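FYI, it's all coordinate maths here, none of it is from the lab. Predicted model, so just to flag it, every value in this text is computed and none were measured. Positions of Cβ are backbone-derived with ideal geometry, glycine not excepted, and every protein chain shown enters the neighbour counts.
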Amino acid sequence: MMCFFLFTSQYLQDDRGFSALAAGCAYFPMTVVNFLVALAVPRIQRRFSGPALLVTGLALAVAGMAWLALVDDATAYVVGIALPMVLIGAGQGLAFGPLTASGIARVAPGQAGAASGVVNSVHQLGGALGMSLVLAVSSSYPAAMAAGAVLLAAALASAAVLVLPVGRRARA
């Protein structure tokens, strides 16, 4: 996701001619949806497990990122950028809380602070690693978004294999 923010800001300013302020405002649809979905997660978790929300959120983020990989200079902002950003925002809103919670699940209360620190460190390291991989393989904005979608798909597959079964067992 880190590459999404870097590359999209650069794309909007360099290729689309947005000012820095306009590029920042272009994230508004994603930000609002992310905020609203994150607020709804506690209510949604009454019906669905955290791992199910994590997998669903990652799937939405993959779809949004893959959609952004299709953008070209003729693509309208609303259809080609804002709507995929809405998917990404919904995906982030759904996934971030359960992702963090799964990192500290089954940790003794006395170790929760340390586990939380490890989770936050891994978030930062993963972001930096993902950014370096995308920077290394991408030559254009669509290529960067495609690389980001591939990395998110790998995270989705990992969550589906490693985290989702744990959530199913916990519900049972």
Checklist entry - Viscosity 0.692 mPa s, temperature 37 °C: Stokes-Einstein D of region 95-170 from its Kirkwood Cα radius, in µm² per second? => result 233
Item to check | Zone of residue 6's modelled label, taken as backbone nitrogen in region 144-167 under 17 Å from a point 7 Å along Cα→Cβ | outcome: 144-152
Next on the checklist: For a Förster distance of 35 Å, can you work out the FRET efficiency between the beta-carbons of residue 105 and residue 78, rounded to the nearest 0.05?
Outcome noted: 0.35
Checklist entry - Rg and Dmax of region 1-125 over Cα atoms: what are they, in angstrom? => result 16.5, 55
Checklist entry - Given just the C-alpha atoms of region 84-138, how large is their convex hull per residue in cubic angstrom? => result 79
Item to check | On Cα atoms only, tilt of 112-137 relative to the major axis of the chain in degrees | outcome: 30
Item to check | For region 84-98, Karplus couplings with θ = phi - 60° (6.51, -1.76, 1.60), whole Hz, Gly/Pro x | outcome: x, 5, 4, 4, 5, x, 5, x, 5, x, 6, 8, 5, x, x
